[in-house]
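Scroll down for the structure; my scribbles are underneath it.
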Amino acid sequence: MSMLGIKWKLHGTGKSIKPGHVVAPDERLAWPLTIGVGMQHVVAMFGATFLVPIITGMPPATTLFFSGIGTLLFLVITKGRVPSYLGSSFAFIAPIMASQQQFGVPGALGGVVLAGATLALVGAIVQKFGAGWINKLMPPIVTGAIVALIGLNLAPAAKNNFDAAPVTAVVTLATIILVSVLFRGILGRLSILVGVVVGYLVAMLRGEVSYDKMEAAAWIGLPQFQTPEFHVGVLGLFVPVVLVLVAENIGHVKSVAAMTGQNLDGVSGRALMADGAATVLAGFGGGSGTTTYAENIGVMAATKVYSTAAYWVAGVFAILLSFSPKFGELIATVPAGVLGGAATMLYGMIGILGVKIWVQNKVNFSNPVNLTTAAVALIIGIADYTWTIGDLTFTGIALGSAAALVIYHGMKAIAKARGTVAEPETEHAGLPPAAKAAINAAKRTPKKR
């Protein structure tokens with residue numbers, strides 16, 4: 001049982017957590033409390049996980065089913081050492097929507113499977129050789145650029161939904177913004193979910209919601225499963241997503257390690273393999289690609305409960321919810337205006353996460369290699385440049401990601417050979433850039449004798 005990560009010690013009396021203490025991954029509270037925390041994890045992932053299938057037009061109940069299955073699979077593969085929920089990844093939205101236009105939903109699912117298989121392969125390599133090579137291949141300037149361009153590439157989709165019902169969209173967006181600063185704790189962290197609920201109520205009052213499909217659906221039944229089709233043309237759309245998932249997954253594992261005080265480097269490869277396997281499984285059945293969820297990491301930070309038992313509860317509860325077609329159709333009634341307001345925030349957040357990676361790693365944009373890498377990649381991604389070669393079509397995300405990698409490593413190699421770049425890749429801690437520039441200028445000024 002311990003090999004599967006399902007053997008937990010009772011934390012203290014199981015009824016409380018002493019100040020300064022945390023419930024470790026291999027511990028649990030009393031089952032009633034553990035079930036409560038597990039259900040809280042479902043609420044935390046709910047809004048974001050459902051937005052992906054709603055935006056991409058895929059069955060919400062199916063995505064919920066595979067998020068629950070994927071979470072349980074993740075816990076087994078990581079042997080219960082990494083508490084995490086696998087929800088729908090926003091990185092898949094753009095490639096799924098683009099591939100659906102050319103190959104339909106089955107073609108998009110084939111892309112999800114390919115991305116998951118690639119991620120699992122990367123995880124196997126990381127487990128064997130460590131993650132150092134990833135940091136060299138994708139330094140912060142490259143990772144930040146790819147994450148940013150994926151979010152900003154989706155801006156037109158957000159605008160289209162926003163324009164469909166501007167009043168509802170404005171109310172949804174305003175609610176998300178206000179809730180994030182008006183409330184503390186878990187409610188503040190669920191600002192997107194609260195915004196969607198408020199926007200939905202406004203849409204109901206404005207007659208923008210249709211319940212025809214929900215009324216016809218049964219209360220209990222299987223999720224809608226669908227098999228994938230494989231086309232070479234989706235490779236350019238989905239492979240760049242793997243780079244984002246790798247960076248996201250490793251970042252989340254490091255966050256959990258910091259919060260629990262445990263060294264999880266030894267299972268970082270397993271976490272990637274588990275995420276990849278869950279994504280492959282989802283693609284074969286009609287769900288969206290998965291990723292570890294920051295929302296649930298936030299719940300752990302707030303509750304101090306890192307028990308994987310709570311995630312087993314969350315995974316099982318998600319699976320049970322997915323067996324209600326009526327519930328799935330209810331979620332699918334979310335109208336375009338609500339999606340437009342939420343997507344304006346979500347897509348922008350993805351873009352800013354890329355900028356956050358630059359800031360946290362003190363990327364120096366005085367270095368021409370860094371500046372050029374980010375500048376070219378972002379424009380290609382935002383403008384959605386397209387390049388077609390036979391059956392292969394490379395869009396802005398693929399071309400922008402490739403540009404970031406090629407420009408960074410190409411320029412760095414040339415600069416090293418020629419000795420032409422003197423600026424460091426990262427800012428030195430301490431003085432602000434303007435002050436450092438002034439000091440450097442003073443050093444270059446000849447002294448008067």
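For the reader, a short list of remarks on this structure follows.
- Taken across the stretch 60-70, residues that are at pLDDT below 90 and closer than 22 Å to ARG270 by Cα do not occur at all.
- Residues of the stretch 121-133 that are surrounded by fewer than 20 Cβ atoms within 10 Å (Cβ to Cβ) and assigned to a helix (DSSP H, G or I): LEU121, ALA124, ILE125, GLN127, LYS128, PHE129, GLY132, TRP133.
- From the list PRO95, PRO106, PRO25, PRO53, the lone residue that is in a loop (DSSP other than H, G, I, E, B) and in contact (Cβ under 8 Å) with a residue 12 or more places away in the chain is PRO25.
- Candidates ILE150, ILE176, ILE192, ILE141: the one that is of a type in the set (Val, Ile, Thr), farther than 20 Å from ALA48 by Cβ and under 20 Å from the mean Cα position of the chain (by Cα) is ILE141.
- Residues of the stretch 188-199 satisfying the condition of being at pLDDT 90 or above and surrounded by fewer than 22 Cβ atoms within 10 Å (Cβ to Cβ): VAL198
- Against the numbered list (1) in contact (Cβ under 8 Å) with a residue 24 or more places away in the chain; (2) outside any helix (DSSP H, G or I); (3) not aliphatic (A, V, I, L, M), PRO240 comes up short only at (2).
- Residues that are at pLDDT below 90 and either within 18 Å of the chain's Cα centre (by Cα) or closer than 14 Å to GLY236 by Cα (or both), drawn from the stretch 101-112: GLN102, PHE103
- Helices (runs of 4 or more DSSP H) contained entirely in the stretch 290-364, each with at least 3 residues that are more than 30 Å from PRO19 (Cβ to Cβ) and not polar (S, T, N, Q): 308-322, 325-331, 336-360
- Residue match in the stretch 399-414 (condition: of a type outside the set (A, V, I, L, M), in contact with a Gly (Cβ under 7 Å, 6 or more places away or on another chain), under 20 Å from ILE141 (Cβ atoms) and at pLDDT 80 or above): yes
- So PRO223, is it at pLDDT 85 or above and under 24 Å from the mean Cα position of the chain (by Cα): yes
- Within the stretch 314-326, the set of residues being over 20 Å from GLY38 (Cα atoms) and surrounded by fewer than 18 Cβ atoms within 10 Å (Cβ to Cβ) comprises just one member, LYS326.
- In the set (1) more than 30 Å from SER191 (Cβ to Cβ); (2) open to solvent by less than 20 Å² (accessible area, probe 1.4 Å); (3) part of a loop (DSSP other than H, G, I, E, B); (4) not aromatic (Phe, Trp, Tyr), PRO223 fails one condition alone, (1).
- On inspection, GLY151 fails the criterion of being of a type in the set (Gly, Ala, Ser) and modelled with pLDDT of 85 or more.
The values are calculated or read from the model by the stated rules, or taken from the named source; none is laboratory data. Since we're looking at a predicted model, the values are computed, not measured. Ideal geometry is used to build each Cβ from the backbone, glycine not excepted, and the neighbour counts take in all protein chains shown. Heads up: the accessible areas ignore ligands, DNA and RNA and are worked out on the full protein's heavy atoms, side chains in. Shrake-Rupley method; radii C 1.70, N 1.55, O 1.52, S 1.80 Å.
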